[in-house]
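To start, the structure itself, in structure tokens.
Read-outs: derived from the displayed coordinates by stated rules, not from any lab. Remember, predicted model here, so these are calculated numbers, not experimental data. We place every Cβ from the backbone using ideal geometry, glycine too, and count neighbours over all the protein chains shown.
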Amino acid sequence: MPIVNRVADLHSDITAWRRDLHAHPEILYEVHRTAASVAEKLKAFGCDEVVPGIGKTGVVGVIRGRKQGSGKTVALRADMDALPITELNDLPYKSTTPGAMHACGHDGHTAMLLGAARYLAETRNFDGTVVVVFQPAEEGGAGARAMLEDGMAERFGIDEFYGMHNYPGMPVGEFGINSGPIMAAADYVTIDIEGYGGHAARPHLTIDPVLVGAHIITGIQSVVSRNTDPLKSAVVSICVVEAGSADNIIPQSVRLRGTARTLDDKVQDMVEANLARLVENTAAAFGAKAKFTYRRNYPVLVNHEAETGFAASVAQEIAGKERVNTKLPPMMGAEDFSFLLRKRPGAFIWVGNGDTAGLHHPRYNFNDDAIPVGTSYWVRLVETALPA
């Protein structure tokens, strides 16, 4: 595996940065310590510009190559935020923040991009400009959108965006990618049911919103099984039921909350419309009322074909052709890198994390053996996209 020699030399430093981040996780936009550490390191590396406060707490670093003839600017993005999960690992660098941990590997993503930034600032063996983007609030806060709304793409003249995420279960040293839709749109569903409460022993004098909610939960699965093209994908999951206060009182109201996931804009429109109709009509059939709220969050992450082919070729240079899966199946998880790819062309790739606990699990830990692989990918991507 042709790991970049200088990257191999930096492995211990990058690992130390990663473990420090792991010990001090921060949530959503409150990544103040993390962002300050990133900005300090970028300045120490000699980046030409270091700009904090993009998208509230995002940090952008600019590195100009030895030549500027291409006039091209490529952006590399890493996410910085952690999750509201209590860590169950027994590690020397275990989370010191109660109720928060890096359970998705953003500590590794940030550290690997810092390693690449250090290398690129030292060597500058490329023609054009590299923008390293350190983003807050990927975990539900749409930090990528916030950075775009602050004018990041225009301010730094970004032509292409590239992203990377670790993949538990994929061997270290391997990559996975595909063009087209690769991660789902993630939308929020809220259903407020208004019935008529009363004594549990006299249900005939009530309109039971719990019963209505149960029928709605069961019925909405028909939107997936009977309204969605079998060759397309959709998931609707009701994950929260808020109802009642005592075991002998039929409540006045019930709230249901969940998520809808789709890989196609037309399927997304269909799911929203059919859910609304089913919810309102089911409630009406029982004499109740229901308010349906569908809030669109992250759009489908669609990898651009040409940039995906390019990213795959770079990964093959690092790992070998046989260790890069260019037909990785789409997944129903969501990623706000999707906003960046709707703004500019680019590609999102997965890098193997080995046999570890899954993402968002309290025993997950980023695999430090993946650091030279991911960092080398960033370095070679820049030097190949912007050849000197």
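Please report Rg (one decimal) and Dmax (integer) in Å for the Cα set of the range 288-388.
17.3, 68
Connecting C-alpha atoms closer than 10 Å in a GNM of the chain, tell me which of Tyr196, Tyr294, Tyr162 has the biggest fluctuation.
Top of the fluctuation ranking is Tyr196.
Binning at 10 Å from 0, report for the range 149-203 what percent of all alpha-carbon pair distances ends up in each bin.
Per 10 Å bin, starting at 0, the Cα pair percentages come out as 13, 21, 23, 16, 10, 13, 4.
Using 7 Å Cα-to-Cβ label points, what is the Gln316/Thr86 separation (nm, one decimal)?
Label-label distance for Gln316 and Thr86, simple model: 4.9 nm.
Using the crude model of +1 on Lys and Arg Cβ and -1 on Asp and Glu Cβ, and no other charge, please compute the dipole size for the range 117-252 relative to its Cα centre, in debye to 20.
280 debye
Take the chain, compute every pairwise Cα distance, and split them into 20 Å bins from 0; I just need the percent in each bin.
Once binned at 20 Å, the Cα pair distances of the chain give 27, 50, 20, 3, 0.
Helix 265-285 versus the longest principal axis of the chain: what is the Cα-based angle in degrees, 0 to 90, to the nearest 10?
Tilt relative to the chain: about 20 degrees.
If you line up the long axis of helix 32-45 against the longest principal axis of the chain, both from Cα atoms, how many degrees apart are they, to the nearest 10?
20 degrees
Could you tell me how far the Cα centroid of the range 274-352 sits from the Cα centroid of the range 220-258, in Å?
Here the two parts' Cα centres lie 22 Å apart.
If r is the Cβ-Cβ distance from Ser225 to Arg202 and R0 is 41 Å, what FRET efficiency results, to the nearest 0.05?
0.70
Considering only Val172, Val235, Val38, give the residue with the highest GNM mean-square fluctuation for the chain, with springs between Cα atoms whenever their separation is below 10 Å.
Val235
Can you give the translational diffusion coefficient of the range 73-122 in µm²/s, computed by Stokes-Einstein from the Kirkwood radius over Cα pairs at 25 °C and 0.890 mPa s?
Translational D for this selection: 198 µm²/s.
For the range 282-322, count the residues as N, evaluate 2.2 N^0.38 Å, and divide the Cα radius of gyration by that value, please.
My calculation over the Cα atoms of the range 282-322 gives 2.56.
Order these peptides, 67-76, 16-25, by their mean beta-carbon neighbour count within 10 angstrom, highest first.
So the order, starting with the most tightly packed, is 16-25, 67-76.
Taking each pair of different alpha-carbon atoms in the range 106-234 once, compute 1/r for the pair, average those values, and report the inverse of that mean as the Kirkwood hydrodynamic radius in Å to one decimal.
With all distinct Cα pairs of the range 106-234 included, I get 20.6 Å.
For the range 96-170, just list the percent of Cα-Cα distances falling in each 10 Å bin from zero outward, please.
Taking all Cα pairs of the range 96-170, the binned fractions are 14, 41, 34, 11, 1 percent.
If you place +1 on the Cβ of every Lys and Arg, -1 on the Cβ of every Asp and Glu, and leave all else neutral, what size is the dipole of the chain about its Cα centre, to the nearest 20 Debye?
Roughly 400 debye for the chain.
Express in nm, to one decimal, how much length is gained between Asp355 and His215 on full extension, taking 0.36 nm for each residue of separation and deducting their alpha carbon distance.
That works out to 46.4 nm of additional length.
Rounded, prolate or oblate, given the Cα gyration tensor of the range 317-361, with a/c below 1.5 counting as rounded?
oblate
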